[in-house]
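Scroll down for the structure; my scribbles are underneath it.
The values are calculated or read from the model by the stated rules, or taken from the named source; none is laboratory data. Note that the coordinates shown come from a computational prediction; the quantities given were computed from them, not determined experimentally. All Cβ positions, glycine included, derive from the backbone under ideal geometry; neighbour counts span all protein chains shown.
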Amino acid sequence: MVILCGKSVSDDICIGRLVFYHREERRVERTQAADKERELQRFERAREEAAKQLHMLYEKAVQTVGAAEAAIFEAHGLMLEDTEFVGGVRNMINEQSVNAEYAVKTAGNNIAQRLLAIEDSYIRERAQDVQSVAGYILQALTGEKASEAVWEEPCIVAADDLTPKETVCLPPDKVLGFVIRKGSVYSHTAIFARGLGIPAVMEIGEELSEEYDGLPAVIDGFTGTVYIEPDVPTLLTMQEKKRQCMLRRERLYSLKGKGDITGDGRSVRVFANAGSLAEVDAACDNDAGGIGLFRSELLYLGRESAPDEEEQFLVYRQILEKMRGREVVIRTMDIGADKQVSYLGLGREDNPALGLRAIRIGLQNPELLKTQLRALYRAGRYGRLSVMYPMITSVEEIDRLRELERQAREELLRQRIPFEGKLPTGIMIETPAAALISDELAKKVDFFSVGTNDLTQYTLAVDRQNAALCEFRNPHHRAVLKMIEMTAENAHAAGIRIGICGELAGDFSMTEDFIRMGIDELSVPAGMILPLRERIREIC
Ligand code: PEP
Ligand code: MG
């Protein structure tokens, strides 16, 4: 038996034969174009053809994995319009008189290389998206059809990596799970695996040898372990674990539509954290009471310039429409620290976590934050929207933010642009300063939400990005819990509600304590909503 370890993306077990998926590499030659106009036209026609194909793939993915995961094909459709990519291809054809195929491949590779150089693994994953989009256009240009994988019996698919198209085109009834050498937990294979509810282990590395092709295997998605040629005791243990897992899933599904109420009648709002439209869909699919934290900064990452007001308005409006009257808390951009963007020219900092971050950037660049506020006020007409500010440390900051809010509303009024001006506003409690003066802050805002990830980092002086500090990071530390309890008391004394949206909200060993402290809302990743509901209903 060989045991391989990677990162798991879905809690499930599968047992079957391992089969390697091989991609046929498309070779693209550089040739001199005799007629530049003709190459430009070929590119435009191929782009249209790719858009049609993406629409078909979207429809197919909606059927197999659901609307949330299918959204990637919509995103790829939008990338066909991306000015950097399209402009890059046109420039190459115009300036270097190259064939359209070569221009598409090179422009796609250039953008992908730039994204790969960024440290954030979520952004690096977007490099694959750009290459996928180039691939659709290349296929339309060459007219080649990608060969489809066919297997007689359901199997565990092993690969270096898979594109969204490859993943969705695999026959779902023939795929038991995925074992991937490179793809990260943010990859679309991972997202689809979650959507399909099948186990997948990513980032296995080179130890996943082709010698294992055709051998029996087991994926334990709970631990991220893959057993090749499992021995009998392992097989029996895994079979039992799988049976338990199926029973649990049925139990969780039966909780949809039920209340988040303890056995002795105390209720807590169970909301979802999200950072994309796909995650909002997942929140709906999992019966979230609302969105407790939408990380709007994700709209600002991995691009050349900040999203403008119109782009933001359209995204916020879609979120509200998807949530159909349920509350949505959108946090203003929490850029800085581990979420860096190049276009703001913020410069290098020795201590980015203690640096120019979140509302500090907004207060120093008021136009940037005002653009976001204007988009939020405009979107507020389409649902129940609340605005939340990150990294607050003082009452003065709130006063300055109020002044920016006033200016944003006044501008919209003057320009006769319709908006909803009375949005509830809250703040994140994620610095010890905010927790310690929460009695004063509570008089200024409509709600609190505790960001335990940062509150732990700043209280214990433990950098959350530094894996070497694992043993010192203890979100159960009395100092952190005391601050949460004290903040809850201050919130309630002022008549406002308090939620938790950091990782600790999903720590079931703390659920009972949080309810005892009077926490009104727990906001967790979509997949944790039903397990948390189950936990709450067990408490009596
Ligand atoms: C937190 O700090 O706990 C939080 C929810 O915000 P983020 O993880 O996005 O910093
Ligand atoms: Mg935070």
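Details
Residue-by-condition table, conditions (1) touching a residue at least 12 places away in the same chain (Cβ under 8 Å); (2) within 16 Å of ligand 1 (Cβ to nearest atom); (3) touching a strand residue (DSSP E or B) at 6+ places or on another chain (Cβ under 9 Å):
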residue	(1), (2), (3)
Gly355	yes, yes, yes
Ile361	yes, yes, yes
Tyr389	yes, yes, yes
Glu397	yes, no, yes
Arg416	no, no, no
Gly426	yes, yes, yes
Lys444	yes, no, yes
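- Qualifying residue in region 485-503 (condition: of a type in the set (S, T, N, Q), within 14 Å of ligand 2 (Cβ to nearest atom), in the same structural domain as Leu293 (by TED's automatic domain parsing) and touching a helix residue (DSSP H, G or I) at 6+ places or on another chain (Cβ under 6 Å)): no
For every residue, the table says whether it meets (1) within 30 Å of Leu57 (Cα to Cα); (2) loosely packed, with under 14 Cβ neighbours inside 10 Å; (3) among the small types (Gly, Ala, Ser).
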residue: Leu176; (1), (2), (3): yes, no, no
residue: Phe192; (1), (2), (3): yes, no, no
residue: Pro199; (1), (2), (3): yes, no, no
residue: Gly205; (1), (2), (3): yes, yes, yes
residue: Tyr212; (1), (2), (3): no, no, no
residue: Pro216; (1), (2), (3): no, no, no
residue: Gln244; (1), (2), (3): no, yes, no
residue: Leu252; (1), (2), (3): no, no, no
residue: Asp260; (1), (2), (3): no, no, no
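- Reported count of residues in region 280-293, each being outside any loop (DSSP other than H, G, I, E, B) and either buried (at least 24 other Cβ atoms within 10 Å of the Cβ) or on the phi > 0 side of the Ramachandran plot (or both), is 6.
- Test: residue in region 456-470 that is assigned by TED's automatic domain parsing to the domain that holds Val524, of a type outside the set (Val, Ile, Thr) and touching a strand residue (DSSP E or B) at 6+ places or on another chain (Cβ under 8 Å): no
- If you check Asp463, Asp454 for being of a type in the set (D, E, K, R), in a helix (DSSP H, G or I) and within 16 Å of ligand 2 (Cβ to nearest atom), only one passes: Asp454.
- Leu532, sole failed condition from (1) touching a residue at least 40 places away in the same chain (Cβ under 8 Å); (2) more than 16 Å from ligand 2 (Cβ to nearest atom); (3) more than 21 Å from the chain's Cα centre (by Cα): (3)
- For the criterion of being in contact with a Gly (Cβ under 8 Å, 6 or more places away or on another chain) and at pLDDT below 90, Ile191 fails.
- Checking the stated criteria, Glu430 turns out to be within 24 Å of Gly355 (Cα to Cα) and within 16 Å of ligand 1 (Cβ to nearest atom).
Rundown of residues vs (1) among the hydroxyl-bearing types (Ser, Thr, Tyr); (2) farther than 15 Å from Ser97 by Cβ; (3) at pLDDT below 85; (4) crowded, with 17+ Cβ neighbours inside 10 Å, yes/no style:
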site	(1), (2), (3), (4)
Glu25	no, yes, yes, no
Thr31	yes, no, no, no
Ala34	no, no, no, no
Glu37	no, no, no, no
Gln41	no, no, no, no
Glu44	no, yes, no, no
Arg47	no, yes, no, yes
Gln53	no, yes, no, yes
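- Residues that are part of a strand (DSSP E or B), within 15 Å of ligand 2 (Cβ to nearest atom) and under 25 Å from Val445 (Cα atoms) within region 323-358 comprise Val329, Ile330, Arg331, Gly336, listed in sequence order.
- Exactly one residue out of Glu430, Glu440 is touching a helix residue (DSSP H, G or I) at 6+ places or on another chain (Cβ under 6 Å), within 16 Å of ligand 2 (Cβ to nearest atom) and modelled with pLDDT of 95 or more, and it is Glu430.
- Residue match in region 420-428 (condition: surrounded by fewer than 16 Cβ atoms within 10 Å (Cβ to Cβ) and farther than 25 Å from Arg402 by Cβ): no
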